[in-house]
Amino acid sequence: MKKIILTSLAFAAITLSASAQILMGKTTEISFFSTAPLEDITAINKTTKPVLNTATGDVLFKISIQGFSFEKALMQEHFNENYMESEKFPHAMFKGKINEKIDYKTNGTTKVTVTGKLTVHGVEKERTIEGTVTVKDGAVTIDCKFNIALKDHNIAVPELMFQKIGEVVAVTIKTTLTEGGK
C-alpha cells in the first residue's frame, strides 16, 4: 500500500512539473520618465530577459542598471555614478506572482495584479502592480505602469538637483515572453 501511495505521489509530481511552462523575455522594453521644472528625463532599457512560470504565475525581472540608455551621455553618467551607484547596486529586481488565474493556452487579454518584492538601490519593498497580460498564439505580453518614489529606495538627490530630477519616477514595462525567449 505504501509503495502505491509513493508511486502515485511521484507520478503526480512529475506530471505537475511537466505541465509547467517557463517563458522567457523575447523582447523587453523598460523605460522611466522623470519630470521636473528644468528638465524631463527619459531612459530605456532593452537588455532585460524576464521569466514567467505559467503553472505558478511566478515572475522574475532582473534589470541591469547600466543597461539604461539616455539621450545625453552626461545624464547616463550621473544616473549610474551619483544616483543609482550602479557599481555598488548593479541590478534592480522584481520577484512576484500574478494573482489572477490565466489560461495561457487561449488567446485573450486579462487585467492582473502582481504582488512581490521590488528591490532598487539595495532597498526591498513589497509592491502590488497593476497591468495586463495578453496571450496570443503562445506568446505572452505583459504591460504595466507604476511609480517609484526615490526616497522609498534611499536614492539621494542633492537639493540643487531637485529642479532637474523629479522625486517620483514613472516606470513603463512592456515585454513579450515565449518558450525559450525565441
Q.
Pull out all pairs, ordered by first then second residue, where Cβ-Cβ is under 6 Å, the residues are six or more apart or on different chains, the first lies in the stretch 21-43 and is part of a strand (DSSP E or B), and the second is at pLDDT below 85 and surrounded by 15 or more Cβ atoms within 10 Å (Cβ to Cβ).
A. Met24/Gly181; Gly25/Gly181; Lys26/Gly181; Ser34/Ile165; Ser34/Gly166
Q. Taking only pairs six or more apart or across chains, which ones have beta-carbon atoms under 9 Å, a first residue in the stretch 94-106 that is acidic (Asp, Glu), and a second residue that is in a strand (DSSP E or B) and modelled with pLDDT of 95 or more?
A. Glu100/Thr110; Glu100/Lys111; Glu100/Val112; Glu100/Thr113; Glu100/Val133; Asp103/Thr110; Asp103/Val135
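The values are calculated or read from the model by the stated rules, or taken from the named source; none is laboratory data. What you see is a predicted model, and the numbers here were worked out from it, not measured in a lab. As a convention, Cβ positions derive from the backbone with ideal geometry for all residues, glycine included, and neighbour counts pool all protein chains shown.
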